[in-house]
Amino acid sequence: MIIDRAFALKIAFGVLLFACGAGLSAVLDNYYLQVGTTLAMLCALCWAWNIVGGYMGYPALCMISFFGIGAYAGGIAQAAGVSESLAWLIAAGVGALFALLLGVPLLRLKGHYFAVGTIASVEVLREVANNWEQLTGGAVGLNLPIHAGSPDEVGRFFYLAMLGLAFLAFLITALVDRTKFGFGLRCIRQNEQAASMVGIDVFKYKVGAFVLTGVLGAATGAIYASMVAFLEPKDAFNLIMTIEIPVMVMLGGMGTIFGPLIGGVSYVILKEFVWAYFINWHSGILGLIVVTVIYFLPVGVLGLTWRDIFKKLGASKSTRPATSDIARSTS
Amino acid sequence: MKTTTSIIAALSFAALSAAPVLAQETIKLGAPLALTGPLADAGAKSKQGYDICVSAVNDKGGVDVGGKKMKLELVEYDYQSETNRAVQIVQRLINVDKVPFLLSPYGSGDTKATAVVAERYGVPMVAAAAATKSVFDQKFQNLFGVLFPNDMITEAEVAYYKKHVPSVKRVAVLALNSLFPKAIAGEMVKSATGAGLDVVFNTTYSPDTSDFSNVLTQIKGLNPDWIYATGYTQDLILIRRQMADLGLEVKVLTMTAGPSYPEFKENVKSLAENVTTNSWWHQNANYSDNYLFGSSLKYNEAFNAKFKRDATYLEAAATAACQTLAMAIEEAKSTSADAVRKVLHEKTFNTFYGPIHYGQLGQNEVNAALVMQIQNDKLLVLAPENLKQGELQIGVPKK
């Protein structure tokens, strides 16, 4: 593991940020705690996706498959009488196993084929959840035991649980960023054949990254399920979210430590703003903004330097990013 | 400059329109609405239902709380048809807007998820669009549902056709794979088997199916007396047309809930004749209402005057949800959650929607299921007996 001053500063900043977030739970009212919980949930999912999508550069559109699998695994365990925290662990385990089973065939595909394969998994799982009534309750839904306690306690509990998970995802990302494993993933992103030539076990690395993403996604889903206390297929396997998560990470900066956080927060703010001002057109306008942002900022907010901004302001014709930038972000 | 002017104009307008509301204390009803997203159509209908209730109550001076007249105020937010956002909005309504009562979001799933939050805070919530029993089976003290359970509808239908067409023996059930159609189809199978009918076919189809010829050919081979199809109106239109193409004849054809809406008749034209359906409510089942509208027909007139179309059970249930809250507050002579909750559990409310008794479980227990049939281009009530407008016609036209 390589630790330099810049990295140590980044980690210290992240820890401070999370400590502030945890401290806020003492003063925020329940509505803001709920907003904070959603934000922490999205950031955890973004960090999870960033491992496969950012560091490894595979366009995985199955984040919500992991999330939904975790939600159902945790939900079914809890409905069967397992305690909440154990159910979350079980869900994480199921998420790992599922990612392994899904990853082994899918990770042999590349590019568009891989993207299509992963997005199909969301549809397939939703249909399974819809039809396997004995296990999932089918389209009628699944009731979970309700977390006991006053509204304030419950609000704070789930906020801290989600924040804790986001913190874990942050730490894992930091580790990936600075270890041989992360280095291998970056190599795979740049050139898979070359990576294998220099002695990286490409397939093992890819499956490893996929499993890491699966564990984090499933744990997030399980905490969400306990919070909502009711699951139905359309909510657990939400197709729009499986696309929104990669968009958020792209917005912030793929394959970076803080990209998922910045992307998640700015996307949520952007969405709220557009929704408040263009109630009837919000989906369309949001889509346009996202396309525009990705077009002009292919490497995300974190890829932007002050010099770039001035350059862009100065010469409007150079707004198209350099091809090397695009290659860096999409390869 | 233009912006400044418009901001000032907007502010002064807001101030003016807010002034009469501020002049007197109001009772806030929190409503998470699906105004955008996949449920936007149903969400807009719920909103119309709530709006007409609030304006009717306020037009007659407001709710009489122990001698003091208080107006109703609807505090609404769009939850974009997303469950997570609906939960967030209910938190907002309770914590930031401090609403003492809630109206639920659309559909059984979102109702259940938000009811958990309402239960935690002890805020009574009335659901206008949740009929599935599993929503009410966790013994929540603060959740009330206007729609009576699905099985009451299928029980009423089976009993009616068994009595009026004794030769009906073989039933084929076809349902869209989605929460409500699947639930009602499941109840239908149970009711039919319970009554000694033979369910010869029972299958679900996926959303967005556009070709039913395969499944209808299978049904034709089984020669059923009664076909029971449930799904979105668009699907039912396709099914009815393709039945005619295949020359599929049947004694009774029931479709839920398409034929209740004018779109169905407009699209299948003469093929709509003799198609039967069911409903939780229809204006033709004329109940009297001493509190607000006078009667079901008068409610529909008021609705038509405001929105230029007839009300369906969706809007009516939304209005009834709001109306029972107003009636319970009056009866309790208080806006405290405990007092109102007690009245909601105990009282039977006589409304234009029919009698509503929430009981201990919270879901309306009064079975007022309507069996209906399209005859000569009109939707007539066949059962219950006291609301009957016509006799059952057997068989559906071939072309």
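Residue-level check: of (1) of a type in the set (S, T, N, Q); (2) in contact with a strand residue (DSSP E or B) (Cβ under 8 Å, 6 or more places away or on another chain); (3) more than 24 Å from B:PHE264 (Cβ to Cβ), B:GLN373 misses just (3). Contact map, segment B:199-213: residues that are within 14 Å of chain A (Cβ to nearest Cβ) paired with residues that are of a type in the set (Val, Ile, Thr) and surrounded by 12 or more Cβ atoms within 10 Å (Cβ to Cβ), Cβ distance under 7 Å, separation 6+ or inter-chain. Pairs shown: B:ASN202/B:VAL173; B:ASN202/B:VAL189; B:THR203/B:VAL215; B:TYR205/B:VAL215. Tell me, please, whether a residue that is of a type in the set (Val, Ile, Thr), over 30 Å from B:ILE27 (Cα atoms) and assigned to a helix (DSSP H, G or I) can be found in segment B:269-276. No, there is no match, as no residue in segment B:269-276 is of a type in the set (Val, Ile, Thr), over 30 Å from B:ILE27 (Cα atoms) and assigned to a helix (DSSP H, G or I).
Residue count for segment B:74-116 satisfying the condition of being in contact (Cβ under 8 Å) with a residue 60 or more places away in the chain, touching a Ser or Thr at 6+ places or on another chain (Cβ under 8 Å), of a type outside the set (Ser, Thr, Tyr) and in a loop (DSSP other than H, G, I, E, B): 2. Criterion first (in contact with a strand residue (DSSP E or B) (Cβ under 6 Å, 6 or more places away or on another chain) and buried (at least 18 other Cβ atoms within 10 Å of the Cβ)) does A:GLY95 satisfy it? It is false that A:GLY95 is in contact with a strand residue (DSSP E or B) (Cβ under 6 Å, 6 or more places away or on another chain) and buried (at least 18 other Cβ atoms within 10 Å of the Cβ).
Within segment B:136-156, restricting attention to residues that are in contact with a Pro (Cβ under 9 Å, 6 or more places away or on another chain) and aromatic (Phe, Trp, Tyr), the residue that is nearest to B:TYR358 (Cα to Cα) is B:PHE144.
The residue that is surrounded by the fewest Cβ atoms within 10 Å (Cβ to Cβ), among those in segment A:256-297 that are within 14 Å of chain B (Cβ to nearest Cβ) and aliphatic (A, V, I, L, M), is A:ALA276.
Of all residues in segment A:130-164, those satisfying the criterion of being within 27 Å of the chain's Cα centre (by Cα) and among the aliphatic types (A, V, I, L, M) are A:LEU135, A:ALA139, A:LEU142, A:LEU144, A:ILE146, A:VAL154, A:LEU160, A:ALA161, A:MET162, A:LEU163. Selection of segment B:100-122 for residues being out of contact with any Asp or Glu (no Cβ under 9 Å at 6 or more places or on another chain), within 12 Å of another protein chain (Cβ to nearest Cβ), under 23 Å from B:GLU315 (Cα atoms) and aliphatic (A, V, I, L, M) yields B:ALA115, B:ALA118.
In segment A:6-35, what residues are among the aliphatic types (A, V, I, L, M) and within 14 Å of another protein chain (Cβ to nearest Cβ)? Within segment A:6-35, A:VAL27, A:LEU28, A:LEU33, A:VAL35 meet the criteria. The set of residues in segment A:118-140 that are more than 8 Å from every other protein chain (Cβ to nearest Cβ) and either buried (at least 18 other Cβ atoms within 10 Å of the Cβ) or in contact with a Leu (Cβ under 6 Å, 6 or more places away or on another chain) (or both) comprises A:THR118, A:ILE119, A:SER121, A:VAL122, A:LEU125, A:ARG126, A:ALA129, A:THR136.
Of all the listed residues (A:ALA71, A:ALA48), the sole one being assigned to a helix (DSSP H, G or I), within 14 Å of chain B (Cβ to nearest Cβ) and touching a helix residue (DSSP H, G or I) at 6+ places or on another chain (Cβ under 9 Å) is A:ALA71. Within this structure, A:SER196 fails the test of being of a type in the set (Gly, Ala, Ser) and within 11 Å of chain B (Cβ to nearest Cβ). Taking the conditions (1) assigned to a strand (DSSP E or B); (2) of a type in the set (Lys, Arg); (3) under 25 Å from B:GLY354 (Cα atoms) in turn, B:LYS47 satisfies each one other than (1). Inside segment A:141-192, can you point out the residues that are small (Gly, Ala, Ser), crowded, with 22+ Cβ neighbours inside 10 Å and within 14 Å of chain B (Cβ to nearest Cβ)? Within segment A:141-192, A:GLY141, A:GLY155 qualify.
If you go through segment B:123-145 and keep only what is buried (at least 22 other Cβ atoms within 10 Å of the Cβ), within 12 Å of chain A (Cβ to nearest Cβ) and small (Gly, Ala, Ser), you end up with B:ALA130, B:ALA131. Note on segment B:359-399: residues that are among the β-branched types (Val, Ile, Thr) and closer than 19 Å to B:ILE227 by Cα total 4. State yes or no: is B:VAL396 in contact (Cβ under 8 Å) with a residue 24 or more places away in the chain, surrounded by 15 or more Cβ atoms within 10 Å (Cβ to Cβ), under 16 Å from B:ILE153 (Cα atoms) and not assigned by TED's automatic domain parsing to the domain that holds B:ALA31? So B:VAL396 does not fit the description; no. If the condition is being among the charged types (D, E, K, R) and part of a helix (DSSP H, G or I), then segment B:166-224 contributes B:LYS182, B:GLU187, B:LYS190, B:LYS220.
Filter segment B:77-96 down to the residues that are surrounded by fewer than 24 Cβ atoms within 10 Å (Cβ to Cβ) and more than 9 Å from chain A (Cβ to nearest Cβ), then identify the one that is nearest to B:SER334 (Cα to Cα). Result: B:TYR77. Scanning segment A:150-175 for residues that are in contact with a Phe, Trp or Tyr (Cβ under 6 Å, 6 or more places away or on another chain) and farther than 19 Å from A:ILE223 by Cα yields a single hit, A:THR173.
The values are calculated or read from the model by the stated rules, or taken from the named source; none is laboratory data. Computed from a predicted model, the values in this text were never measured in an experiment. FYI the Cβ positions are ideal-geometry reconstructions off the backbone, even for glycines, and counts take in every protein chain you see.
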